[in-house]
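What follows is a set of notes on a single structure, which appears directly below.
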Amino acid sequence: MSGKPGRKRQREGDRTESGGGSSLPRARGGFKRLGWLLAVGALIAAAAVWRARRAAPARPGGKGGRPSPIVEEQEAVFARYAGSASCAECHEEETDPWRNSNHGLAERLVNPVQDRRAFDPPRRFRHGTQWSEARVREGRFEVVTLGFESNREPYQVVRVIGNDPLRQFLIPRPGGRLQVTEIAYDPHRNEWFDVYENEDRKPGEWGHWTGRGMNWNSMCAYCHNTRLRKNYEESSDSYRTAMAEMGVGCESCHGPMKDHVVWQRAHPDEGAEGKDPTLKPLTTNQMFAVCGSCHARRGDLTGDFRPGDSFFDHYSLLIVDDSEIYYPDGQVHEEDYEFAAFLGSKMQHAGVRCMDCHDSHRARPRLEGNDLCLLCHNGSWTNAPAIQPEAHSFHKKGEEGDDCRDCHMPITVYMARHPRHDHGFTIPDPLLTKQFGVPNACNRCHQDKDADWALEWCAKWYGEKMKRRTRTRAQWIARARRGEDAAKDGLLEMLAEEEIPYWRASLASLLGAWVDDPKVQAALTNLLADPHPLPREKAAFALEPVLEASPSARRALERRLEDSSRNVRTAAAWALRRQLDLESRAGRELSHMLAFNADHPGGRLQRAVFRLGRGKVDAAIEDAETAVRWDRYSAAFRHELAVLYSMAGRPQDALIQMQAACRLAPNDPEARYRLALAWNEAGDLKKALETLEEAVKLDPRHARAWYNLGLARNQAGDPEGALNALERAETLAPKDPRIPYARATILIGLGRLDAARAAAARALELAPDFKAARELLRQIP
C-alpha cells in the first residue's frame, strides 16, 4: 500500500496506482464539435491499471496458428511447487536468515505471541479527525475504526502484511476479499499510526481502507506471496485468490522446485547441483527481472510472471514521461519503487544488477555505507571511476554528506515510516532545482539554504563537470512537459544520441506530443525496431494518433503485433484496437489484459476506451459508470463518463458529470475548461462564457481555453474581446492554424480586410492543406 507525506490525496482516476499500475496513452475524441466549439482530447484511460487477471481460455485462429494458453491452469502450476520448508533440508545456510527477513515475513497469519504486543494492552490513538483502537477481545485481535457504513466498528484481523519498519493487517470481507488497514503498527516505536498520516480518508474513497485502492487481492497479494493467482470473478465481483505459498518464499525468486526436491531425495548421494537434470539456473538478467516483478511500478499484462521469464513479457513499466510520476532527471517523485529508476541509471547500463549490492536471503545490502560502493569504485574496474569519498564529496568522513547514498540515493519516506533510497544514482544538480523545481540532495539536507547557495558550491567544487549530458536531457524533458515547442528538436537530438534504452523509451513517450511532425514520426517509426522492448513499446503508444493518416507508420506498427516481446505486442494491439483481429495472438493477449483489469475503476475505464474504439458506446458507458461508482471522488473519471454521454447524445448527463468533476477539483483549469464545453453543448452560451473566463483565470497559459473563449465572445457579440482572446491563444500556441483562421473570419466581419487576409495567409502557412483557409483567402475582396 502507499502513502507519501506532503502530497495531495490521490484518487485512482488521478494516477496509476503503485505496485501494479500502468497509464495508457490518451485516446483522441471529446465533446461533439458544436458550432464554435472545437474540443480536443478526451477519453483518457487516466489511471488504467494493468494488474494480475484470471486466465482466459485459449482460442485457435489468427496469425501464428494455435497459440498456447496465456495463463496455465492453476492446479498444474501449483503442483510444481514444493514449499520453502523443503529447501531447508539442504539449504539451511540460506533459509535461516531468510525466515526472519522482510521477504520471509512479507505476509503471515496473525501470531498470538508475536503480535500480542501491538494489541495488548489495548490502545486508542488519533489520526486526522478520527480515532481508532487496537485490542484483544475473547482471544481475537481487533481494530476498532471507521468502517464500511461510516460507523466505528470492531474488525478482526487475520493476517499481517509487511514486517519492518511497519506492519499492516488484513481484514476479511465478503466475496473473498481481504482489505488492508491504513492504520499500521511500528514495531520499533511500539505505536500505531496512519500510513496516510493526517489525510483523513473516509469511507467511500477509493484510497480509504474499505475501498478498492486498499484491496489486498488486487493491490498487495502478488508481491507479498509466492506464485499468486488473483482469480477475480467479474460476474459476482468476487475473488477466489490462491497462492502456492504464503509470504515471499524460496520459489518466489528461484521458481518452482518440486522436481528438484524429488530428484534430490531420490539421489541423496548425488547431491552436487551440476548433476541434477531438473535445475535450470537463472542468469543474472533473469534474476534482475525477478526483482523487478515486485520492486517496480508497473502494469501487469498476464498476472502470471515466473522466474526465468522476461520482465517485458509480463509488465508495462511506468517511466519518465509527461506526467509527474518521476522528476525530469529520473528521480522518483511518487511511490515508484526501485526498478525503473535503476533501469535508467548508468550503473545498470554498465552491467550492475541487484544481487551485486543486495543479499536477497537477508533482504539487506551486502555491506554498509561506502564500503559497498568502493567494491567497484576503487580503481580496479575500467567502467567504474575510482572515488575517494572525502575528496569527492567535500564532506569529512563520518559527516552527513560523506556517505555516497546521501547524494546519489536520496531518501523519500513513504507510508509515514518507510524511508526508501532512490535507485536512479542521479547527480545532484541545483540548477535543475532553480529552473524546474527538481530536488537536489544538497538542499534536501541543507534545508535552511536555497538553490543559489547550493549552485555556488557545486560550481566551486565541480566546475565544468556539472555541464553534463544528463542535465541537458532533464532540461529538455522539463521543457517538453511545459509544452514548449522548442523542446521537440531537443528531444530528437537527445534520442539520436541516447545509449540507455530506458531513456530512449522516455524520450519516445514525450515526443508523442509532436507526433504529427514528419521528423518525429520517422524517429518513432525507426524506434519500433529498437533492440530493447521498452523503447519499442513506448514508440507504439506514441504513434497511435497518426495511424489513420500515416500508412507507413501503421504498417510498421502492424508488424509489431508479432513482436518477440508481449509488452510491445500489447501496445501495438492497443494502438490498432479499432480493427484488431481479436482471435490473433496479440488480440487475445490484449483481451486477457482488459478482462483481468476489470476489478478496478481504472481497468473499467480502460475497457471503456477499448469498447468505444470498437464502436460499442453503450458498453463503454456501462464500464465508465462502474468506474465512477467505484471511485466517485475522481474528477478524471467523471470527465471521461461525460465525454461518453456526449457522444451518446446525452448532453444533460454530460453536464452533470462535469459539474461534479469541478466540485471535486475546483482549482483545476482543465476541468473548468471541459465544463465550459459541456455548457455549450447543452446550449447555454452564457454559462460557457463564464466558465471559460474562470478557466483562463486559473491557468492564463491555457491556449485552448483562450481560443474557445475567443469564439464564444464573438458568438456573444463581442468581436473585439474575441480578437483579444484569440491573440492570447496564438501567443501560447503559435503553430495552431485554427487560431489565425478564426481571427480572419472575425476580421472580415469587422471590415478589416487587410488584417483578415494576413491572418488567413498565416493559417495557410502553418497548414498548407487547410482548405477552409484557402477558400476564405480566395473570397476576401
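The values are calculated or read from the model by the stated rules, or taken from the named source; none is laboratory data. Everything numeric in this text was worked out from a predicted model, so none of it was measured. Cβ placement follows ideal geometry from the backbone for every residue including glycine, while neighbour counts extend to all protein chains displayed. For accessibility, only protein heavy atoms count, side chains too; no ligands or nucleic acids. Shrake-Rupley method; radii C 1.70, N 1.55, O 1.52, S 1.80 Å.
See the values below:
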| read-out | value |
| --- | --- |
| Label-to-label distance, nm, for residues given as residue 116 and residue 235 (7 Å Cα→Cβ offset) | 4.8 |
| Rounded Å value of the spacing that divides the Cα centres of region 135-214 and region 565-602 | 35 |
| Overall Cα dimensions of the chain, principal axis frame, Å, largest first | 100, 62, 61 |
| Heavy-atom surface of region 315-395, accessible at 1.4 Å and reported per residue (Å²) | 48 |
| Share of Cα-Cα pairs in region 518-591 lying beyond 20 Å, as whole percent | 20 |
| At R0 = 56 Å, FRET efficiency that the Cβ-Cβ distance of residue 727 and residue 394 yields, to 0.05 | 0.60 |
| Cα-projected label distance for residue 452 with residue 79, points at 7 Å along beta-carbon direction, nm | 7.3 |
| Formal net charge of residues neighbouring residue 481 (Cβ-Cβ distance under 11 Å; K, R +1; D, E -1) | -2 |
| Probe 1.4 Å, all protein chains present, accessible-area order of 361, 702, largest first | 361, 702 |
| Residues whose placed amide H lies under 5 Å from that of residue 316, excluding near-sequence neighbours | 299, 300, 301 |
| Principal semi-axes in Å for region 375-507 [√(5λ), Cα gyration tensor, largest first] | 26, 20, 16 |
| With DNA, RNA and ligands ignored, accessible area of residue 90 (1.4 Å probe; Å², nearest 10) | 100 |
| Only Lys, Arg (+1) and Asp, Glu (-1) charged, at Cβ; the chain dipole about Cα centre in debye | 1960 |
| Within the accessible area of region 441-553 (1.4 Å probe), percent carbon and sulfur | 51 |
| Per residue accessible area of region 403-455, 1.4 Å probe, in Å² | 44 |
| Whole-Hz couplings from phi, Karplus 6.51/-1.76/1.60, listed for region 346-351; x for Gly and Pro | 5, 5, 4, 5, 7, x |
| Cα-centre dipole for region 332-484 with unit charges at Cβ (Lys and Arg positive, Asp and Glu negative), debye to 20 | 540 |
| Shape metrics for region 309-378, restricted to C-alpha atoms - Rg then Dmax, Å | 14.2, 38 |
| Solvent-accessible area, 1.4 Å probe, carbon plus sulfur percent, for region 82-202 | 46 |
| Projected-area mean, region 632-781, by convex hull of Cα positions, square nanometres | 9.2 |
| Rounded to the nearest 10 Å², the accessible area of residue 735 at probe 1.4 Å | 130 |
| Dipole axis of the chain (+1 Lys, Arg; -1 Asp, Glu on Cβ), positive-most option in 609, 437, 128 | 609 |
| Listed residues 743, 468, 227 arranged by accessible area, highest first, probe 1.4 Å | 468, 743, 227 |
| Longest to shortest principal axis, alpha-carbon extents of region 604-656, angstrom | 28, 22, 13 |
| Average accessible area per residue (Å²) across region 613-669 - probe 1.4 Å, nucleic acids and ligands excluded | 41 |
| Nonlocal amide H pairs with residue 179, under 5 Å, H built at 1.01 Å | 171, 173, 216 |
| Estimated Rh, region 103-149: Kirkwood, alpha-carbon pairs, angstrom | 12.1 |
| Area of residue 568 that stays accessible when all protein chains are in place (1.4 Å probe, Å², to 10) | 0 |
| Within region 696-780: Cβ-based charge dipole about Cα centre, in debye rounded to nearest 20 (Lys, Arg +1; Asp, Glu -1) | 100 |
| Stretchable slack from residue 489 to residue 555, in nm (0.36 nm times residue separation minus alpha-carbon distance) | 21.2 nm |
| q = 0.10, 0.12, 0.14, 0.16 Å⁻¹: log10 I(q)/I(0) that the Debye formula gives for region 484-626, counting C-alpha atoms only | -0.36, -0.51, -0.68, -0.85 |
| Region 247-382, relative contact order in percent, only Cα pairs under 8 angstrom and at least six apart counted | 17 |
| Solvent-accessible ranking of 757, 265, largest area first, probe 1.4 Å | 265, 757 |
| Modelled FRET efficiency - R0 35 Å, residue 752 with residue 690, Cβ distances, 0.05 increments | 0.80 |
| At 1.567 mPa s and 4 °C, Stokes D of region 119-225 from Kirkwood alpha-carbon radius, µm² per second | 93 |
| Added length on full extension, which subtracts the Cα-Cα distance from 0.36 nm per residue, residue 522 to residue 350 | 59.0 nm |
| From phi via Karplus (6.51, -1.76, 1.60), per-residue ³J(HN,Hα) for region 497-509 in Hz, x at Gly/Pro | 9, 6, 8, 8, x, 3, 6, 4, 5, 4, 4, 4, 4 |
| Apportionment of accessible area to carbon and sulfur, region 225-381, percent (1.4 Å) | 52 |
| The chain, relative contact order in percent, only Cα pairs under 8 angstrom and at least six apart counted | 13 |
| Relative contact order [Cα under 8 Å, 6+ residues apart], region 347-490, whole percent | 11 |
| Whole-number D in µm²/s for region 124-165 (Stokes-Einstein; Kirkwood sum over Cα pairs; 10 °C, 1.306 mPa s) | 138 |
| Compactness of region 332-424 as Cα Rg over 2.2 N^0.38 Å, two decimals | 1.12 |
| Note, ³J(HN,Hα) from phi for region 589-595, Karplus 6.51, -1.76, 1.60, rounded to Hz, x at Gly and Pro | 5, 5, 4, 4, 5, 5, 5 |
| Modelled label reach - residue 190, point 7 Å along Cα→Cβ, region 77-112 residues with backbone N closer than 19 Å | 111-112 |
| Rounded FRET efficiency, nearest 0.05, which uses the C-beta distance separating residue 135 from residue 93 and R0 of 35 Å | 0.30 |
